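Asker: Below is the structure I would like to discuss, written out as structure tokens.
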Amino acid sequence: MTKEGTKGNVFLYTTLLHACNLNSDLSAAQRCLKRMKNEGVLPNVVTYNVLLAGCAATGDIEKAKKLMVSLKEEGLRPNTRTHNNLMKTYIAGKDPAGAFSVFATMQVHGVSPSLATFHTLSSACQAVGDWKRAISVMVDM
């Protein structure tokens, strides 16, 4: 972009972040996000969802928490996909209880769960062998 003299936009940068995820390169994603902000391009909730998907792929709970703080500091509102990706991060990070904490937060803030939300919660139950709770999650759908 710089060589061509063109400025990136939120869609281009979000696509680049997705490419970083596909290559499991979270450090490149962080550099890309920093460059994006330095160029005055503001990330949107989709941008953060892509970044959180990268955290979910690696189980990096701490990075996901920091991203959630940044998202909120920028005045963005987490949506269902945001929370689903955060729950997946907790599961991948070997903290399935954290996924249920995220679900509780969703409910408090009035964010509607999707079928994917319940599937993710079911995965959290499976991770710890809590089949009774898994069935309860499915009944609550």
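Asker: Pull up segment 27-43, narrow it to residues that are surrounded by fewer than 18 Cβ atoms within 10 Å (Cβ to Cβ) and part of a helix (DSSP H, G or I), then point me to the one that is farthest from the chain's Cα centre (by Cα).
Answerer: Within segment 27-43, the first condition is being surrounded by fewer than 18 Cβ atoms within 10 Å (Cβ to Cβ), and the residues that meet it are 27-28, 30-31, 34-35, 37-40, 42.
Next cut, part of a helix (DSSP H, G or I) only: 27-28, 30-31, 34-35, 37-38.
Numbers: 27: 16, 28: 17, 30: 14, 31: 17, 34: 17, 35: 20, 37: 19, 38: 22 Å.
Per the stated criteria, the residue is 38.
Asker: Which of the residues spanning segment 90-102 are surrounded by 16 or more Cβ atoms within 10 Å (Cβ to Cβ) and farther than 17 Å from residue 60 by Cβ?
Answerer: 100
Asker: Now for a different question. Go over the candidates 69, 46, 50 one by one and state the one that is in contact with a His (Cβ under 8 Å, 6 or more places away or on another chain), at negative phi, open to solvent by 20 Å² or more (accessible area, probe 1.4 Å) and not polar (S, T, N, Q).
Answerer: One residue alone meets the criteria, 50.
Asker: Assuming residue 117 fulfils every condition listed in (1) assigned to a helix (DSSP H, G or I); (2) open to solvent by 50 Å² or more (accessible area, probe 1.4 Å); (3) modelled with pLDDT of 90 or more apart from one, which condition is it?
Answerer: It is condition (2) that residue 117 fails.
Asker: Of the conditions (1) outside any helix (DSSP H, G or I); (2) closer than 22 Å to residue 104 by Cβ, residue 71 fails just one. Which one is it?
Answerer: (1)
Asker: When you look at residue 105, is it open to solvent by less than 30 Å² (accessible area, probe 1.4 Å) and either under 14 Å from the mean Cα position of the chain (by Cα) or β-branched (Val, Ile, Thr) (or both), yes or no? Full working, then the answer.
Answerer: Numbers: open to solvent by less than 30 Å² (accessible area, probe 1.4 Å): no; either under 14 Å from the mean Cα position of the chain (by Cα) or β-branched (Val, Ile, Thr) (or both): yes.
For residue 105, the condition - open to solvent by less than 30 Å² (accessible area, probe 1.4 Å) and either under 14 Å from the mean Cα position of the chain (by Cα) or β-branched (Val, Ile, Thr) (or both) - is not met.
Asker: Is there a residue in segment 38-56 that is more than 21 Å from residue 86 (Cα to Cα) and small (Gly, Ala, Ser)?
Answerer: The answer is yes, given that some residue of segment 38-56 is more than 21 Å from residue 86 (Cα to Cα) and small (Gly, Ala, Ser).
Asker: Condition test on residue 138, is it in a helix (DSSP H, G or I) and open to solvent by less than 40 Å² (accessible area, probe 1.4 Å)?
Answerer: Against the criterion (in a helix (DSSP H, G or I) and open to solvent by less than 40 Å² (accessible area, probe 1.4 Å)), residue 138 does not qualify.
Asker: Any idea which of (1) crowded, with 20+ Cβ neighbours inside 10 Å; (2) out of contact with any Asp or Glu (no Cβ under 9 Å at 6 or more places or on another chain); (3) polar (S, T, N, Q) is the one residue 79 doesn't satisfy?
Answerer: Among (1) crowded, with 20+ Cβ neighbours inside 10 Å; (2) out of contact with any Asp or Glu (no Cβ under 9 Å at 6 or more places or on another chain); (3) polar (S, T, N, Q), residue 79 violates only (1).
Asker: Also: How many residues, within segment 100-141, are within 24 Å of residue 72 (Cα to Cα) and among the aliphatic types (A, V, I, L, M)?
Answerer: 7
The values are calculated or read from the model by the stated rules, or taken from the named source; none is laboratory data. What you see is a predicted model, and the numbers here were worked out from it, not measured in a lab. Reconstructed Cβ throughout: ideal geometry from the backbone, glycine too, with neighbour counts over all protein chains shown. When the accessible area is computed, the model is the full protein with side chains, heavy atoms only, and any ligands, DNA or RNA have been set aside. Shrake-Rupley method; radii C 1.70, N 1.55, O 1.52, S 1.80 Å.
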